[in-house]
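> There's a structure below that I have some questions on.
Quick note: the coordinates plus some simple rules give every number you see, no bench work behind them. Please read all numbers here as calculations on a predicted model, not as lab measurements. So basically every Cβ, Gly included, is an ideal-geometry build from the backbone, and we count neighbours across all protein chains shown.
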Amino acid sequence: MDDLIRRGYAGLYAEVDLAEGTARVLPTPAEAAERVLGGNGLAAWYLWRNLPAGVEPLAPENILVLFTGPLTGTLAPACGRWGMAAQGPRRRGYTDAYAGGGFGTALKAAGLDFVALRGRAPRPVVLVLDGDASPVAMRLEEAGDLWGQDVASSSRALAGRYPHFAAIIIGPAGERRSPLAGVVCAGGLAAGRGGLGAVLGSKNLKAVLVRGHRPVRVWDSAAFLQACRLANRALRAGLERGGVFPGARGQATGDPSRQGQRPGGRRQGRVDPSCLGCPGLCREGGRIPEDTAPQRNPYAGTGLSEPSSTVFAALGASLGRVDRADLLRMAFLCDLYGADALGVARAAAAVLAGRAETRAADPARLLSLVEGLCSGAIPAEPWLSPPEAPAAQPGEAGSPGGTAGRGAQGRCGQPGKAPPALANLLVQCRRVSAALPPEALHALVVAATGWPYPSPAALQEVAQRVQRLMVCLDQGKHA
């Protein structure tokens, strides 16, 4: 454990049995950390060793893992994210999803590399992880009064009960076990892909809260700082070209590692959920003008952040020419119910393609369609892609180039670019990871962990090793 703490890891992980109401803290295995690096690698390793073969996604026996990466909480660019993995209800195989905000850095600061959630609580609960205690204090608390509340109301209630805790929350979509359900980090950033919010709902777990103030240590601090400078220089060049966050050209000012350093804080009077060490320009397309009238801004006063450019693009592409104000209301409904906006957009597109008797012909009916899919009033299953061929964005769970995809394209990515899966091992923003030369990522990993990876190609081999673990999980093969 002491050796891992000097390598960017927290050195511990937690197992929580929701049925029994018990928890234990165990040392993160150093050998496994070196072989699979971290992030979804450690999650896949844990599931491969512990998940029962043939488990149903919504069964109590399914295990959901919340995880960080070896660079989480450091100065490495865009490594303030978190992820989760389990057997997912959408593709009925290994599924992972990622989000930004403050939860990942808080989990790492609490002294945990990952948390494995087992069983099903007999009644709705929240899990509280207090890293300010030594060892980490873990407890389950009743949450019956929160069950049925939307994400905004639950977030406000939890903030009042547990000040200074970072939280992830499910909404009514997760409680109803919808395959469109995501998990929302307080502030509005969602880990939506794959329907993993339904897995938390099936476990009667409304929210997970965490706090901690433990520093993250790296193997060679001088080399790591130099690697961060070089990586930030490459990122800044990409931002100036507008190739990292499309539409954000000319908005790169200052050092990217110093921007967005306070996830969930305020920028120009608005909620700023940017990940640690990232300028957060992925959200520029969803910025709501300051002079927008409150009645035209559904996010006003809710504590939820404005939607990302990706959400606007997905809803717009799926629903045709829709007024921006209506798109904003649709995105807000997804956030409020805790639904995956991209999944809702795909399901809505299928309905509008003629697979339903009722077609949405005006904005009011479009809004009704989106709310119906988010709430579960309109079953989503008939309108989603088949489990064996889920639709997803490149590099996201369920896509050939993403973590859950098992196509022959695999992990290698484009020439001169880091493999898409490497970002998920580091729990780093994929756009930022793709903007960095492989040599820059290799320097960051070696300086932080001290693992003797001789070249960027060695990191690709690690990513391919993790891919083989995921294939085993998909095929029902376990340790």
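> According to a simple spin-label model (label point 7 Å from Cα along Cα-to-Cβ), what is the distance in nm between ASN50 and ARG6?
If labels sit at ARG6 and ASN50, their model points lie 2.8 nm apart.
> Once the piece of chain linking ASP17 and GLN464 is laid out straight, how much longer is it, given 0.36 nm per residue of separation minus the C-alpha distance between them?
Using 0.36 nm per residue and subtracting the Cα-Cα distance, I get 157.8 nm.
> Something else about it: May I ask you to list the trypsin sites (Lys or Arg not before Pro) in the range 435-479 that are in a DSSP loop and have at most 14 other Cβ atoms within 10 Å of their Cβ?
The qualifying sites are LYS477.
> Multiply the residue gap between ARG365 and ALA317 by 0.36 nm, knock off their C-alpha separation, and tell me the result in nm, one decimal place. Let's see the in-between values first.
Values: separation 48, 0.36 × 48 = 17.28 nm, distance 1.70 nm.
Result: 15.6 nm gained on full extension.
> ³J(HN,Hα) across the range 131-137 via Karplus (A = 6.51, B = -1.76, C = 1.60, θ = phi - 60°), whole Hz, x for Gly/Pro?
Once θ is set to phi - 60°, the couplings for the range 131-137 become x, 6, 8, 10, x, 4, 8 Hz.
> Among residues other than GLY201 whose Cβ falls under 9 Å from its Cβ, what is the net charge (Lys/Arg +1, Asp/Glu -1)?
After counting each charged neighbour, the total is +3.
> Compute the normalised compactness of the range 2-211: alpha-carbon radius of gyration over 2.2 N^0.38 Å, N being the residue count.
The range 2-211 yields a ratio of 0.92.
> Moving on. Once you list every other residue whose beta carbon is under 12 Å from the beta carbon of LEU4, what net charge do they have if Lys and Arg are +1 and Asp and Glu are -1?
It works out to a net charge of -2.
> Here's a follow-up. Give, as a single signed number, the net charge of other residues whose beta carbon lies under 12 Å from the beta carbon of GLU175, with Lys and Arg counted +1 and Asp and Glu -1.
Value of the local net charge: +3.
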